[in-house]
Amino acid sequence: ITVRELLCAREAQFFWRDAMLDFKNRPVYCYVGIAAGVALCVLGLNFFLVPQKIAPGGFSGIGTILYHVWGISVGTTVLALNIPFCLISWKRMGRQFLARTVFALVLYSVAADLCPVVNLSDDMLLSAVYGGLLLGVGLGLTFFFGGSTGGTDLVAAILHRGMPAVSVSTLMFCIDFAIIGVSAFLFDIRSALFAILSLFISAKLIEYITVGPNRGRAFLIITNQPETVKRAVMAELRRGVTGLEGVGGYTNEPKQILLCIVERRSEVVRLKELVHREDPLAFMMTWQAGEVNGEGFTYKRR
């Protein structure tokens, strides 16, 4: 494989990302993107999740439960539940985010009520998968273009003020789990299990769209042989290394700390072996880098 072929593959891989970012920078087009995301959410709900009594958390899950128990439409439930929480949280929202959220929320509620509930598949597994896919892509697009459909993230943020020791993500998980638990009690455990599957799929897709496909592994290396390790990493892995100045807490001696980010799992193993080879006493920390942009990781059109 030539360098030119690698660059072409990199360009093709990230072309959609650059196009989306250019699209996102134009305010009018942001509302088009939000509208497309909302449309996908409604299709996922009314064609796959609601007919099969799959309530994958959130206000949509509550709407699904109320639709089958009392016949209340999902759009009406989502709008009614979101209004008080939006009024409570509007001060901490920026003007632009608030406008896009109101647009997305109203459009979501109206479209959910106007679109008929049609069962496209009698297979609950297919319904959970495709419903989760459409919901995840739709919410991901809505978030990517700076909007929101409200939901449990607003509730979790409000509860977090009174319980700062509990993270927002933990509160959201508890709320979604409680909604799925109610659906298991009112419907059956099978519906709840498929709801968990659908929630997992949609969460992963939201993360993929908002954070991006280009993820890496970051390493912080504390070694007494920084120059040797640095040269080995750059020569054998072809990865850049950044030297950070630090001071040992016990010895108070200056140390150079190395920061390196790799992309593939094979590179993670090779980096560990390389550092251990050059300095068996080196101290390493690693964490998942949610998004990595720059030379060696993304192709950016000029």
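The values are calculated or read from the model by the stated rules, or taken from the named source; none is laboratory data. All values derive from a computational prediction rather than experimental measurement. All Cβ positions, even for glycine, are placed from backbone atoms using ideal geometry, and neighbour counts span all protein chains on display. Just the protein is used for accessible areas: all its heavy atoms, side chains included, with ligands, DNA and RNA removed. Shrake-Rupley method; radii C 1.70, N 1.55, O 1.52, S 1.80 Å.
What do you get for Rg/Rh of the range 152-206 when both radii come from the Cα atoms and Rh is the Kirkwood radius? Show your work: numbers first, answer last.
Values: Rg = 12.6 Å, Rh = 12.0 Å.
Here Rg/Rh amounts to 1.05.
Computing FRET efficiency as 1/(1 + (r/R0)^6) for residue 200 and residue 253, where r is the C-beta to C-beta distance and R0 is 45 Å, gives about 0.40.
If each residue of separation counts as 0.36 nm, what is the full-extension length gain between residue 285 and residue 193 once their alpha-carbon separation is subtracted? Don't skip to the end; give the middle numbers.
Numbers: separation 92, 0.36 × 92 = 33.12 nm, distance 3.64 nm.
Result: 29.5 nm gained on full extension.
Rounded to 0.05, the FRET efficiency of the residue 268 and residue 245 pair, given R0 = 25 Å and the Cβ-Cβ distance, is 0.45.
Within the range 132-223, list the trypsin sites (Lys or Arg not before Pro) lying in a DSSP loop whose Cβ has at most 16 other Cβ atoms in a 10 Å radius.
Within the range 132-223, the qualifying trypsin sites (Lys or Arg not before Pro) (loop, at most 16 other Cβ atoms within 10 Å) are 215.
A straight line joining the Cα centroids of the range 223-279 and the range 112-181 runs 41 Å. Size of the range 197-249: Rg and Dmax of its alpha carbons, in Å, are 17.8, 49. P(r) tail, the range 108-165: Cα-Cα pairs separated by more than 19 Å, 52% of all pairs. Rolling a 1.4 Å probe over the heavy atoms of the protein chains gives the range 67-167 an accessible area of 50 Å² per residue.
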